[in-house]
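Here is the structure we will look at.
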Amino acid sequence: MANRVQIPTSNSALIAMIADEDTVVGFLMAGVGNVDLRRKTNYLIVDSIKQIEDTFKEFTTREDIAVVLISQYVANMIRFLVDSYNKPVPAILEIPSKDHPYDPAHDSVLSRVKYLFSAESVASGRR
Amino acid sequence: MEVVDHETPSLENGKTDKEVEENANVLQFMDSMDAYLTLIHSLSSTLRRGWLELASARHSMGASRVNTVLLDHTSHPAATSLLVTQDERKVDSGKPHFTLCKWASSSNENSLFGEKQSSQDKLHPQLRHRGSTELYEEKTSSENKASREVDDPVQKERSKSLSMFGTLVSPKLRAAQLSFEAALETLVEIANMRSEMLCAFDQVNMKLAGRKDEK
């Protein structure tokens, strides 16, 4: 009860993207693209690391975004930011890209839970 | 080797309620993790198909016609969005549930139309008993018409989404669009499985922490 987290519900939340050109174009064809009155988009075709950092921080603080898709190789560039993020919404999903296949070892969610499979955690549970 | 706790009451098979619950949490965590990895694998193959179809479309239409320069930068809402709700099964868990609303701007209008029709039927049930056979034929033809009406706006939205690449587009581009739509559906399942996995992980972690405190 003390740790109850309030989920921000929404009936028209956006899917944001930080990915390479082909991935962004593909998902834009599927209709996820949004441009607001200030010409701010919900997607970024990756360019510089500084821009990726700023965009990630922006997308994770916007209230109208429910899911952020980020190519895993892009997430690796800002791994410290991605791993330190722990809110339920927006959900950060690391996706493969054309030139970089998905690697479960780098996924931030799997990294968070993998210690359960380590010998130390098993040994400490048995003591 | 299993250690039986003599302080807590035990069931016939030697496991306490607490141990059964812990095992259930661990199983749920393992299942959700397995499902998460399976869905990621499925997503990878769907995306690969989409990228290949997009590359084929770019090859047939020309690189200048399938380009990010042509993206629509004028103000417009997303046609595909998400419905985010609290997971109804566990209100206190803080677990979100995501539902994809594809081409929602067109399909929402049609679903509202359908709902309004059904509510009118409920208000005037007596009218529906006259000429039941004719009514049945009218109803099936109206249902068919409604499903066509739902599909047409969706097709219109799809065509509108591709219109930034020109009026006549390669069939490969349309195929790529469908592949990325399928990838979106998988991504929403991944998002739900992710939140389920993290919730189960928190449960297991809490039990482990509790066990360490007891010792």
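The values are calculated or read from the model by the stated rules, or taken from the named source; none is laboratory data. Predicted model, so just to flag it, every value in this text is computed and none were measured. Cβ sites come from the backbone with ideal geometry, for glycine too, and all protein chains shown count toward neighbours.
Scanning region B:23-65 for residues that are closer than 21 Å to residue A:95 by Cα and of a type in the set (Val, Ile, Thr) gives B:38, B:40, B:46. Look at (1) modelled with pLDDT under 95; (2) under 22 Å from residue B:196 (Cα atoms) and you find that residue A:99 fails only one, number (2).
Quick one: is residue B:181 among the charged types (D, E, K, R), crowded, with 21+ Cβ neighbours inside 10 Å and either within 17 Å of the chain's Cα centre (by Cα) or at the interface with another protein chain (Cβ under 9 Å from one of its Cβ atoms) (or both)?
For residue B:181, the condition - among the charged types (D, E, K, R), crowded, with 21+ Cβ neighbours inside 10 Å and either within 17 Å of the chain's Cα centre (by Cα) or at the interface with another protein chain (Cβ under 9 Å from one of its Cβ atoms) (or both) - is met.
Filtering region B:78-102 down to residues that are at pLDDT below 90 and surrounded by fewer than 18 Cβ atoms within 10 Å (Cβ to Cβ), which residue is nearest to the chain's Cα centre (by Cα)? The qualifying residue nearest to the chain's Cα centre (by Cα) is B:87. Of the residues making up region B:153-169, those that are of a type in the set (Gly, Ala, Ser), more than 14 Å from residue A:26 (Cα to Cα) and crowded, with 16+ Cβ neighbours inside 10 Å number 0. Restricting attention to region A:51-72, does a residue exist that is free of Cβ contacts under 8 Å to residues at least 24 places away in the same chain, within 12 Å of another protein chain (Cβ to nearest Cβ) and surrounded by fewer than 18 Cβ atoms within 10 Å (Cβ to Cβ)? For region A:51-72, residues free of Cβ contacts under 8 Å to residues at least 24 places away in the same chain, within 12 Å of another protein chain (Cβ to nearest Cβ) and surrounded by fewer than 18 Cβ atoms within 10 Å (Cβ to Cβ): absent. Of the residues making up region B:59-71, not one is under 25 Å from residue B:153 (Cα atoms), facing chain A (nearest Cβ under 7 Å) and surrounded by fewer than 16 Cβ atoms within 10 Å (Cβ to Cβ).
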